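Worksheet: the structure to be examined is printed underneath.
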Amino acid sequence: MITKFIKRILRRDPMIKHTQANNTGVPKRIPKKSHRIDPHLLSKNAVKVTDTLQEAGYEAFIVGGAVRDLVLGIGPKDFDVATNATPDQVQRLFRKARLIGRRFQIVHVTFFGKGHPEIIEVSTFRAWLDNAGDHVAESGRILRDNVWGSQGEDAARRDFTINAMYYDPASETILDYHGGMIDMQKKTLRMIGNPTKRYREDPVRMLRAIRFAAKTGFTLDSETRAPIAELGELLQDVPSARIFDEILKLLMSGYSWAAIQGLRNAGLHHGLLPLLDHILDNSEASKGANDFVKLALANTDQRIQSGKSVSAGFLFATLLWPDLLKNWKANISKGMANIPALHDAMDDTIATQSSGMTIQRRFESDMREIWSMQPRFEKRVGRYPYRLIESPRFRAGYDFMLLRCATGEQNPALGEWWTSFIAADPTVQEELMASAKNELGSAANAPAKRRRRKKPKSDTPSEPTPV
Ligand code: ATP
Ligand code: MG
């Protein structure tokens, strides 16, 4: 009987099994009338997960960024759940549940509905690793993270006070261990614990600080901000793939321009992100590049804020375009033909960027497609326009070309022509092609074959205009 009871306790409360108690305080309980979370903003699936776990006798809460966003009145883009059930115990309760990760083991519970499948990320309360020997590198960076703990410990190891609140949909109560709610009211982003130590544990928290400040419009508390100037270089030790993920989140936050300004103000952009170096350089020479990237980011932010999707390949293609144009132009002045000059410039641009943060391969191929489509927009006779429209990435290439038109780097009439061409019926398309010969310098429109006979290399569209 006693053994059975002990077994039950061990199963229900995994922290007893793994860590000794650590006094991390008592949470403040915040009732509905104070937090005013609109239940309509909750994901039904997230609530299903907390309900199922609670019915099985475990503790379960919506946690992290979702609670922060709910309190701000924003619909969270994803929902995380924290529980005292171990990953194995969670997995047993759901049909579509998968164990993910090694360093930080979590369970993905997937729900299939009308639209995209929704994944609810379920993590087990983690222990607070203070001086945990082999869990921590010499620099203070945490290497392993699978020691279960109490909810209080779990709260203490989160990054910012506003990211460490736990919401129980059943009782509609928030548990707040670190004054997150007060910071929400004060619009302050405050690191839990000693900021220097927390940045040393995980330097990516510096990038997260900038991202959340941009997203929420909150001010970084002075003690949270101060160490960043000195510790920025620790980001060099972080694996490139992690930096890439974080920068991608930053660029896709819907507040990318503000976040990039934030990086500059915090001195975090140098070296780490060569592509941002010149974007953030305010010199007269960089003005064109700045204008292009600024417009691209403003467009991206607008799309994301209105719930539209944005491709990361497209985004990186725009960020690197000013560099690419410079290299392309330089190759042409060295005597290379237009298209080989472009392809060579693409290789150079990607290689230079990779010396800082490597852009993942799957995005790289999108970027190359978007770029190599650009000269093809200038050929507007015969089969060329039809073939271009059939390219799988046509839409992205077209949007990219429109962006170039909007900054004046490409002739706006070209953008207008294509917009009409896409919408037109075949007769009007023929008329448009006929009219294209007289517009925008007819040499660029002549079929490649005919011109190649007259003059080698002249199948090139007009020279790229450097930004
Ligand atoms: P969003 O998903 O809107 O970008 P988020 O706060 O949900 O923001 P996630 O990266 O999804 O960010 O992380 C979920 C939660 O996990 C965070 O709110 C925070 O509590 C915790 N967390 C994530 N990364 C870290 C980190 N590097 N250090 C400490 N806690 C972290
Ligand atoms: Mg999240």
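The values are calculated or read from the model by the stated rules, or taken from the named source; none is laboratory data. Keep in mind that what you see is a predicted model, and the values were worked out from it rather than measured. In this analysis, Cβ positions are derived from the backbone assuming ideal geometry, glycine residues included, and neighbour counts consider all displayed protein chains. Keep in mind that these areas ignore ligands, DNA and RNA; they rest on the heavy atoms of the full protein, side chains included. Shrake-Rupley method; radii C 1.70, N 1.55, O 1.52, S 1.80 Å.
General remarks:
- Legend: residue pairs K215/K379; K28/K48; K32/K308; K308/K437, Cα-Cα distance threshold 30 Å; pairs beyond threshold, K215/K379; K32/K308; K308/K437.
- Simple point charges give the picture: +1 on the Cβ of Lys and Arg, -1 on the Cβ of Asp and Glu, and for segment 286-440 a dipole about the Cα centre of about 200 debye.
- Cα-centre dipole for segment 188-267 with unit charges at Cβ (Lys and Arg positive, Asp and Glu negative), debye to 20: 220
- Under the Karplus curve 6.51 cos²θ - 1.76 cosθ + 1.60, θ = phi - 60°, whole-Hz ³J(HN,Hα) for segment 325-337, x wherever Gly or Pro sits: 4, 4, 5, 4, 4, 4, 4, 5, 6, 7, x, 6, 6
- The calculated FRET efficiency for the pair F244 and D51, based on their C-beta separation and a Förster distance of 51 Å, comes to about 0.90.
- Computed from the Cβ-Cβ distance with R0 of 35 Å, the FRET efficiency linking R362 to D38 stands at 0.45.
- Database remark: amide H of A127 closer than 5 angstrom to the amide H of V147, W148, G149 (H placed geometrically; neighbours at sequence offset of 5 or more, or on other chains; Pro and chain starts carry no H).
- Of all accessible heavy-atom area on segment 286-440, the percent that carbon and sulfur account for (1.4 Å): 52
- Entry note, segment 295-387: relative contact order of 29 percent, from Cα contacts under 8 Å with a spacing of 6+ residues.
- Residues D344 and L295, FRET efficiency given R0 of 35 Å [Cβ-Cβ distance, rounded to 0.05]: 0.85
- Simple label model, 7 Å out from Cα along Cβ direction - S309 to A226, nm: 4.6
- Quotient of the Cα radius of gyration of segment 286-440 and 2.2 N^0.38 Å, N being its number of residues: 1.07.
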